[in-house]
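Just below is one structure, and these are the notes that go with it.
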Amino acid sequence: MSTDLQELFQSNRAWAAKTEAREPGFFTRLLQQQSPQYLWIGCADSRVPANDLVGLLPGELFVHRNVANLLVHSDLNALSVIQYAVDALKVSHIIVVGHSNCGGVRAAMMNQRAGLVDNWLRHVQDVRDAHEGFLAGLHESLQVNALVELNVLEQARNVCRTTVVTDAWQRGQSVVVHGWVYGLHNGLLEDLRITATSATEVGLAYDTALALVKQRYRQQQAQVLADTTAPATQNGALNAD
Ligand code: CO
């Protein structure tokens, strides 16, 4: 096993050469300034590479990632990222992005112990507990992804409630907060439609998006129940629909 990770340096050299060949002067132009339009707050999961998913180049996406894409009110790291993004870079959009089958959300949902991180995931468990009745009514196969989406709504609302974003809105700066979810199984992003452009919109945006999540999972729940109770067809195969 290589200890100096030469293979990564080789890949890096090839990437830099390819990028410069495609767009001569690319790196020297980036030296002047970065002016991303978007701040991405996503999960640290290695299967969710922010820039790649949305086809954005270096300089186009400001990124903060942590386990289970949380925005905790007292997290100086995340708050500092938001403050710099809004006040200095003047991003137009802040996007909280969860993803299906998130290991952190799964651990929180199932009370799996993993160590120190359990304390961080306690924030996800707070979201779980706030929607306990709804989640308890879902088939086990749906619960983790439902909590992933509920967590995105909660974290997007937390972003809206930061002093940085409320102050920006107060002074008339245009910042749009979004909540999305990424499907590990198909590579597709979906908009959970908690889109908020002002402090007065947050409550209604959250309620509307929450109703949509619940409606969608209740439909999936009906489908799962129909599948599990469907009689075998003549050739013995279970009805797939
Ligand atoms: Co994750």
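Residue-wise, which Karplus ³J(HN,Hα) couplings in Hz belong to the stretch 32-44, taking 6.51 cos²θ - 1.76 cosθ + 1.60, θ = phi - 60°, and x for glycine or proline?
4, 6, 10, 9, x, 8, 10, 10, 9, 10, x, 7, 6
Please give the charge dipole size of the chain, origin at the Cα centre, charges +1 on K and R Cβ atoms and -1 on D and E Cβ atoms. Round to the nearest 20 debye.
Once rounded to the nearest 20, the dipole reads 220 debye.
Apply the Kirkwood formula to the stretch 1-156: the hydrodynamic radius equals the inverse of the mean of 1/r over all pairs of different alpha-carbon atoms; give it in Å with one decimal.
For the stretch 1-156, inverting the mean 1/r across all distinct Cα pairs yields 17.8 Å.
First check a/c for the stretch 1-93, with a ≥ b ≥ c the square roots of the eigenvalues of its C-alpha gyration tensor; if it is under 1.5, answer rounded, and if not, answer prolate when a/b is larger than b/c or oblate otherwise.
Oblate.
Find the relative contact order for the chain and round it to a whole percent, using C-alpha pairs within less than 8 Å whose residues are 6+ positions apart.
Reported relative contact order: 17 percent.
Under the classification rounded if a/c is under 1.5, otherwise prolate if a/b is larger than b/c and oblate if not, where does the stretch 84-237 fall, given a ≥ b ≥ c as square roots of the Cα gyration tensor eigenvalues?
prolate
Any idea what the relative contact order of the stretch 1-88 is, in percent, if you count C-alpha pairs under 8 Å spaced at least 6 apart?
So the answer I get is 24 percent.
Between Asp207 and Gln10, take the C-beta separation as r, use R0 = 51 Å, and let me know the FRET efficiency to the nearest 0.05.
In this case the efficiency is close to 0.50.
What shape does the stretch 59-101 have by the C-alpha gyration tensor, where a ≥ b ≥ c are the square roots of the eigenvalues, rounded means a/c under 1.5, and otherwise prolate means a/b greater than b/c and oblate the rest?
The shape class here is oblate.
So for each of 64-75, 147-158 I average, over its residues, the number of other beta carbons within 10 Å; can you give me the resulting order with the highest mean first?
So the order, starting with the most tightly packed, is 147-158, 64-75.
Taking neighbour counts of Cβ atoms within 10 Å as a proxy for exposure, in what order, fewest first, do Asp45, Asp52, Asp191 appear?
Listing Asp45, Asp52, Asp191 from fewest to most nearby Cβ atoms yields Asp52, Asp191, Asp45.
Relative to the longest principal axis of the C-alpha atoms of the chain, give the angle of the C-alpha long axis of helix 117-130, reported between 0 and 90° and rounded to the nearest 10°.
Between the helix axis and the principal axis of the chain, the angle is about 50 degrees.
Using amide H atoms built 1.01 Å from N in the peptide plane, name the residues 5+ places from His99, or on other chains, whose amide H lies under 5 Å from its own.
Amide H neighbours of His99: Tyr182.
Report, in degrees rounded to the nearest 10, the 0 to 90 angle that the Cα long axis of helix 140-161 makes with the longest principal axis of the chain.
The two axes meet at around 40 degrees.
Please rank Phe62, Phe27, Phe9, Phe134, fewest neighbouring Cβ atoms within 10 Å first, as an exposure proxy.
Phe9, Phe27, Phe134, Phe62
What whole-number distance in Å separates the alpha-carbon centres of the stretch 1-27 and the stretch 117-191?
So the two Cα centres are separated by 35 Å.
In what sequence do Thr28, Thr162, Thr3, Thr197 fall when counting other Cβ within 10 Å, fewest first?
Listing Thr28, Thr162, Thr3, Thr197 from fewest to most nearby Cβ atoms yields Thr3, Thr28, Thr197, Thr162.
Quick note: the coordinates plus some simple rules give every number you see, no bench work behind them. Bear in mind that the values here come from a model prediction, so they are computed numbers and not experimental data. We place every Cβ from the backbone using ideal geometry, glycine too, and count neighbours over all the protein chains shown.
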